[in-house]
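Structure first, commentary second.
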């Protein structure tokens, strides 16, 4: 005989889960009782939102499904932002929530919330399990759905009586899950791939625009191989950073609102845009009808709904990017030289590098640049959201996939610190840095307690400008410097960290940046670095909202 | 922009209707008419949805519907030869002495059935395509429509073809 809670924990372990992030409460008591003597590692967070983000960070760093657990009502509702974050960035997580007993469902019982209803638009799928007998296969389906196709979060809502009931249950032998309403296309259509190759050979100025899909399908090697064998320049989205080494000669860096000038100029001039695992998001395209105006478009994506959603496509290829790129590479017979185009791109790269004022002042970009030099592309970099995120994207040289973890689609402040905890459990041997702003860090600052008690060696580098910097930047540029509610009072983050039992240093001069970063890296446990940076530094270049992406402002420092 | 008739085969599970309708509202698509019921396949239901949009919007609706795990198949049958039916129940003022005979005559012409009679009313049941029901309703207005209940449209392909076999 097994209880529902027992089936849940055993089922998780059968799915290969080693670590889950959670927070107990009334209706999950049976599950926590089961965890008490389980070999499954449970990390107690200090707020359920952090559990969801940690599961997400774990998933992004490892490529496996992350798991979080919360109680009903407020616990489940606190997961919502984390689930939405994972949904927008197609991250595989399974969120398990307790629910009031089935007899009380719909009665506005204590700590009841309709979490399957609430998360309907932000999950790939969700379940309210009403019978203990169904739990085993629901769990298998949930992991299958989360981790295949276009990945995403799946929620399982578990009423208390379903967890407590004992049944005779044997886990079925691991036959593959089959769902008649869910059969993702993995292989690309051969004729479409032929057509894509024809377009590539016809083009004079082809450009690859690679997104997060390349990372999530582990297609980085195939992408690099395409770039190298065909000689096609590549730009990546925020989510695609790390797919191609930053210093690859044909890599133009990030495109879009805070992308490089060379990437954005290349998009405008290209005559063939090859979108791979990217979705023509508004932060990438700017004004849509001026995006790649001269280009034919090849779009490779696992999700058919993304194809043609925003931009008209000439050759759509539905399939897993890794599989499609392998098939495409295998078919390459002829090659073409794009010398003039490559030379033009080299010219832009030389003329418009990303720059900031290197004047001995403690500027935020300097912190990122020095960290990048120290880590030499190793380690995992997580960011919060806002200026800290954009500077990291611009100035950290990412060389490998899954070493850059950030909330792109939803833009969730407070994501980075808990996601960094998750990344540590995925890759315990790697140095994990959360590059934060003072605003974002304070949105999940309570997790200092989690890292302290579990000695999770996450390093937090706060680019502390005492502003909600990105909003302040927009106010400066577009609202006559009317800094409405964006100035934050100074916080002594070192004292806060110490109060939780975490070490920290404040850094006030540019000369102290490297020693401070080294001290953090050399410390075994968690560490907080409070960089008091130039307060009104802006992220440049920048495409104003609604403009074409070659209408960039700023970023030319003499 | 034109009306499209979508035939959506779904798992007969709790919450599937709210998944489908929720998708329409959150992605800004309008539903003109909706009908749900069990179908020939055990454990499945068929939802017939009429919605208005241009080709790109309808393509996007269908792709998004297809992404729902509980949706098994989505077919746009707008261009197919098909039979469509809606059902309306209409309670009309019809005094025995004056208008009742005329109302009953209209019912005969429209092949509507009289399914209930009250002291001063007659209730009709009429099935047909949208235009037929609209036409009858318009004619009955002059007598006074006390209440009208109408289902969404259901549709089936003509001949041996089925929605499942159609492209």
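Computed quantities for the displayed model
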item: Matching residues in the range A:288-312 - criterion: being over 26 Å from the mean Cα position of the chain (by Cα) and assigned to a loop (DSSP other than H, G, I, E, B); result: A:293, A:294, A:295, A:312
item: Residue that is nearest to residue A:545 (Cα to Cα) [pool: residues in the range A:289-309 that are within 10 Å of chain B (Cβ to nearest Cβ) and surrounded by fewer than 19 Cβ atoms within 10 Å (Cβ to Cβ)]; result: A:309
item: Qualifying residues in the range B:1-16 (those that are touching a strand residue (DSSP E or B) at 6+ places or on another chain (Cβ under 7 Å) and within 13 Å of chain A (Cβ to nearest Cβ)) - the one nearest to residue A:123 (Cα to Cα); result: B:16
item: Test result for residue B:19, within 14 Å of chain A (Cβ to nearest Cβ) and either over 18 Å from residue A:125 (Cα atoms) or without any contact (Cβ under 8 Å) to a residue 12 or more places away in the chain (or both); result: no
item: Of all residues making up the range A:152-201, the number that are within 14 Å of another protein chain (Cβ to nearest Cβ) and surrounded by 18 or more Cβ atoms within 10 Å (Cβ to Cβ); result: 9
item: Matching residues in the range A:120-133 - criterion: being surrounded by fewer than 23 Cβ atoms within 10 Å (Cβ to Cβ), assigned to a helix (DSSP H, G or I) and more than 11 Å from every other protein chain (Cβ to nearest Cβ); result: A:133
item: Residue within the range A:336-348 that is outside any helix (DSSP H, G or I), at negative phi and at pLDDT 95 or above present; result: yes
item: Pairs where the first residue, in the range A:463-485, is more than 30 Å from residue A:505 (Cα to Cα) and the second is modelled with pLDDT of 95 or more and buried (at least 17 other Cβ atoms within 10 Å of the Cβ), C-beta under 7 Å, 6+ apart; result: A:475/A:486; A:481/A:475; A:482/A:475; A:484/A:475
item: Criterion violated by residue B:119 - all others in (1) at pLDDT below 95; (2) within 18 Å of residue B:48 (Cβ to Cβ); (3) surrounded by fewer than 16 Cβ atoms within 10 Å (Cβ to Cβ) satisfied; result: (2)
item: Check on residue B:36, within 27 Å of residue A:127 (Cβ to Cβ), in contact (Cβ under 8 Å) with a residue 12 or more places away in the chain, more than 14 Å from every other protein chain (Cβ to nearest Cβ) and touching a helix residue (DSSP H, G or I) at 6+ places or on another chain (Cβ under 8 Å); result: yes
item: Residues located in the range A:134-146, provided they are over 27 Å from the mean Cα position of the chain (by Cα) and surrounded by fewer than 20 Cβ atoms within 10 Å (Cβ to Cβ); result: A:134, A:137
item: When residues of the range B:53-73 are limited to those that are more than 10 Å from every other protein chain (Cβ to nearest Cβ) and out of contact with any helix residue (DSSP H, G or I) (no Cβ under 9 Å at 6 or more places or on another chain), the one farthest from residue A:146 (Cα to Cα); result: B:54
item: Criterion: surrounded by fewer than 22 Cβ atoms within 10 Å (Cβ to Cβ) and either assigned to a helix (DSSP H, G or I) or assigned by TED's automatic domain parsing to the domain that holds residue A:402 (or both) - qualifying residue of A:117, A:149; result: A:117
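A quick yes/no check of all residues on (1) more than 21 Å from residue A:50 (Cα to Cα); (2) in the same structural domain as residue A:235 (by TED's automatic domain parsing); (3) touching a strand residue (DSSP E or B) at 6+ places or on another chain (Cβ under 9 Å):
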site	(1), (2), (3)
A:391	yes, no, yes
A:404	no, no, yes
A:409	no, no, no
A:427	no, no, yes
A:452	no, no, no
A:456	no, no, yes
A:465	yes, no, yes
A:486	yes, no, yes
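The values are calculated or read from the model by the stated rules, or taken from the named source; none is laboratory data. Everything numeric here is computed off the predicted structure, so don't read it as measured data. Neighbour counts are summed over all protein chains in view; Cβ atoms, including those assigned to glycine, are modelled from backbone coordinates with ideal geometry.
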